[in-house]
Amino acid sequence: MKIGIILGTRPEIIKMSPIIRYCSMQGIGFFILHSGQHYSYNMDKVFFDELQLPEPSYNLETGSGDPGEQTARMIIGIEKVLLHENPDVILVQGDTNTVLAGAIAGVKTGTQIGHVEAGLRSFDRSMPEEINRILADHCSDYLFAPTKTAEQNLIHEGIPVGKIRVCGNTIVDAVYQNLQIAGKKRTVISSLHLHPGKYFVLTAHRQENVDDKQRILGIINGVREVYLQYGYPVIFPIHPRTRKQLELFRIPPPDGLLFTEPLGYLDFLLLEKESLLVLTDSGGLQEECCIMQVPCVTLRDNTERPETIEVGANILVGSDSRSIITGVRTMMNKARDWKNPFGDGKSGERIINSITSEA
Ligand code: UD1
Ligand code: UDP
């Protein structure tokens, strides 16, 4: 048995890490193919180092660029590796351009494809991620849906039930496996001059937010309101895309907003866990907040993670400053007593066992 694990961005490395660890522990043959979509140390290598993952066997070093060209370069590189390695199955995770490229290269080389985190839908086809996940799902042989909702989305699109397995989300595995280590070793909160339970966390990188001046301004103004109203700082580990856009639009940081470089996973988990509340447009953060009982305010008009809203852990507010402050008030007044809908932390194991038992 040989499994090709394809990844390329920060969330894919984190969410594939439980699968990689389980393959290593069980002595299952695998190789890692990195597309190079993310390449800065703090968006890429820091996660391999901290999570003690083996070096990728291949790094295509694709880098940034126009999305079509970026995806095309990845397809060419992945196809070559698949022809050389001839794996029994490849795994892709999520909804990035790396996932789309992996799925297309898989189909074209006749390789079996497993899609981890299959079936998520925002029903907003203007998002590049929505197109990527739909296409990846429809190319795949194994669809690892994290929840029943995701399974239903796939069934509605005509995917045969026999290809779908509801396995939970590997982010639960990643949170459980790393939170303990993070708690023991880290001093991130004090080194940022913060106090547990006395700060907010902000992340924003979604193309539809940060490439649009009105939307990113609305978010920044909303954050200013949060600071004025509560008097607690908002810590903002800034994604490189967002840094570039704030410079381009010449938007100055408001009072109370503290920028940092993107953080490693152990520091970031701890920062998130001890925060009052998280404001974000990230998919992974909506899930992590829900798992760690931290209220989440999502700076988007829709979400492919409706389970977080259904259980009461999350609210959608878009990018308007008034909606942001109203949403923060609502979530600050909520009891943190919801149930985690994303599984028991054994998703990686379930995914690999499902492949090895059937291949
Ligand atoms: C990508 C994914 C998005 C995912 C996000 C995770 C797609 C279409 N988008 O968005 O779904 O949520 O990753 O973070 O695949 N840059 C660096 N260093 C890096 C990586 C990027 O400086 O290591 C900068 C470059 O200026 C680049 C920009 O960030 O142009 C955007 O990077 P890109 O990978 O195209 O998209 P993300 O916004 O990161
Ligand atoms: N994350 C991190 N450091 C940071 C910000 C985020 O380690 O400074 C982690 C976060 O805990 C989550 C993942 O990165 O697991 C989310 O990645 P991102 O928001 O870039 O992508 P998305 O989940 O939206 O695809």
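Annotations for the structure displayed:
- Take the conditions (1) open to solvent by less than 10 Å² (accessible area, probe 1.4 Å); (2) modelled with pLDDT of 95 or more; (3) not polar (S, T, N, Q); Ala182 misses just one of them, which is (2).
- Answer residue from the stretch 93-107, given it is farther than 20 Å from Gly284 by Cα and open to solvent by 20 Å² or more (accessible area, probe 1.4 Å) and is nearest to ligand 1 (Cβ to nearest atom) among those: Ile104
- If the condition is being without any contact (Cβ under 8 Å) to a residue 60 or more places away in the chain and in a helix (DSSP H, G or I), then the stretch 59-77 contributes Gly68, Glu69, Gln70, Thr71, Ala72, Arg73, Ile75, Ile76, Gly77.
- Search result, residues across the stretch 212-246 that are touching a His at 6+ places or on another chain (Cβ under 7 Å) and not in a helix (DSSP H, G or I): His239
- Considering the stretch 270-295, and only residues there that are within 16 Å of ligand 1 (Cβ to nearest atom) and of a type in the set (Val, Ile, Thr), the residue that is surrounded by the most Cβ atoms within 10 Å (Cβ to Cβ) turns out to be Val278.
- Only one of the numbered conditions (1) crowded, with 20+ Cβ neighbours inside 10 Å; (2) among the acidic types (Asp, Glu); (3) within 16 Å of ligand 1 (Cβ to nearest atom) is violated by Asp267, and that is (3).
- Total residues in the stretch 108-165, condition touching a strand residue (DSSP E or B) at 6+ places or on another chain (Cβ under 7 Å), open to solvent by 60 Å² or more (accessible area, probe 1.4 Å) and over 26 Å from Thr298 (Cβ atoms): 2
- Restricted to the stretch 14-49, and to residues there that are in a loop (DSSP other than H, G, I, E, B) and more than 16 Å from ligand 1 (Cβ to nearest atom), the residue that is surrounded by the most Cβ atoms within 10 Å (Cβ to Cβ) is Ile28.
- Cβ-Cβ contacts under 6 Å between residues 6 or more apart (or on different chains), taken from a first residue in the stretch 131-148 that is more than 21 Å from Ile171 (Cβ to Cβ) to a second residue that is polar (S, T, N, Q), are listed as Asp141/Gln112.
- Total residues in the stretch 59-78 satisfying the condition of being open to solvent by 70 Å² or more (accessible area, probe 1.4 Å), touching a helix residue (DSSP H, G or I) at 6+ places or on another chain (Cβ under 9 Å) and away from ligand 2 (no atom under 16 Å from the Cβ): the figure is 3.
- Hits in the stretch 110-138 (condition: in a loop (DSSP other than H, G, I, E, B) and either within 13 Å of ligand 2 (Cβ to nearest atom) or under 18 Å from Pro11 (Cα atoms) (or both)): Glu117, Ala118, Gly119, Leu120, Arg121, Ser122, Met127
- Only one of Glu151, Glu117 that is more than 15 Å from ligand 1 (Cβ to nearest atom) and of a type outside the set (Phe, Trp, Tyr): Glu151
- Selection count where residues are of a type in the set (Asp, Glu) and more than 18 Å from Ile78 (Cβ to Cβ), scope the stretch 27-54: 2
- Test: Arg250 is within 16 Å of ligand 2 (Cβ to nearest atom), free of Cβ contacts under 8 Å to residues at least 40 places away in the same chain and open to solvent by 20 Å² or more (accessible area, probe 1.4 Å): no
- Residue selected from the stretch 1-13 under the condition of a type in the set (A, V, I, L, M) and in a strand (DSSP E or B), by the criterion nearest to the chain's Cα centre (by Cα): Leu7
- Of the residues making up the stretch 175-211, those that are within 10 Å of ligand 2 (Cβ to nearest atom) and not in a strand (DSSP E or B) are Val175, Asn178, Ala204, His205, Arg206.
- Which numbered condition Pro56 misses (of (1) touching a strand residue (DSSP E or B) at 6+ places or on another chain (Cβ under 6 Å); (2) within 16 Å of ligand 2 (Cβ to nearest atom); (3) not in a helix (DSSP H, G or I)): (2)
- Candidates Thr326, Thr308, Thr330, filtered to the one that is in contact with a helix residue (DSSP H, G or I) (Cβ under 8 Å, 6 or more places away or on another chain), among the hydroxyl-bearing types (Ser, Thr, Tyr) and either open to solvent by less than 20 Å² (accessible area, probe 1.4 Å) or within 18 Å of Val234 (Cα to Cα) (or both): Thr308
The values are calculated or read from the model by the stated rules, or taken from the named source; none is laboratory data. Remember, predicted model here, so these are calculated numbers, not experimental data. When we count neighbours, we look across all protein chains shown, and the Cβ atoms used for this are built from the backbone with ideal geometry, even at glycine. The protein model used for the area step is the full one, side chains on, heavy atoms only, and it has no ligands, DNA or RNA in it. Shrake-Rupley method; radii C 1.70, N 1.55, O 1.52, S 1.80 Å.
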